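Note sheet for the following structure.
The values are calculated or read from the model by the stated rules, or taken from the named source; none is laboratory data. It should be emphasised that the depicted structure is a prediction, and the values quoted were computed from it without experimental measurement. Ideal geometry is used to build each Cβ from the backbone, glycine not excepted, and the neighbour counts take in all protein chains shown.
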Amino acid sequence: VMNLDPANEGDLPYETVLDVVKDIVSLSGVMEKLELGPNGGLLYCMEYLEAHVDDLIQLLKQKLTQTEKPYLLIDLPGQSEV
C-alpha cells in the first residue's frame, strides 16, 4: 500500500511501502508551519507532491525493490477539492 493522503496520520491498520506522512509531507506539519487551515493545508501538500513527483517516483522505486510482491494499492485523499 502507498499512502498518498497527507491527512492520514497516526498508526495505519496496514503496512505501507511508502507513507507520504512519514516520508515526505504531513498535513499537520504544513498547517502548523504555514498557518493554514485543513483545506489550504491539504491543497498545499498535494501541490508539493505534484512539484516533487520525480522524487516521489524515485523513492517509490527504491522501496519497491525491497519487497517481494510488486503490486501497488494507493490510498488518496477523499476530498473533492483535491
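Numbers for the structure displayed
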quantity: Conditions (1) in contact with a helix residue (DSSP H, G or I) (Cβ under 6 Å, 6 or more places away or on another chain); (2) modelled with pLDDT of 90 or more; (3) of a type outside the set (D, E, K, R); number of the one not met by Y48; calculated: (1)
quantity: Answer residue from segment 12-40, given it is among the hydroxyl-bearing types (S, T, Y) and loosely packed, with under 15 Cβ neighbours inside 10 Å and is farthest from L60 (Cα to Cα) among those; calculated: S28
quantity: Every residue from segment 15-35 that is touching a residue at least 24 places away in the same chain (Cβ under 8 Å) and more than 29 Å from T65 (Cβ to Cβ); calculated: V30
quantity: Residues satisfying the stated conditions in segment 1-14, i.e. free of Cβ contacts under 8 Å to residues at least 40 places away in the same chain and among the hydrophobic types (A, V, I, L, M, F, W, C); calculated: L12
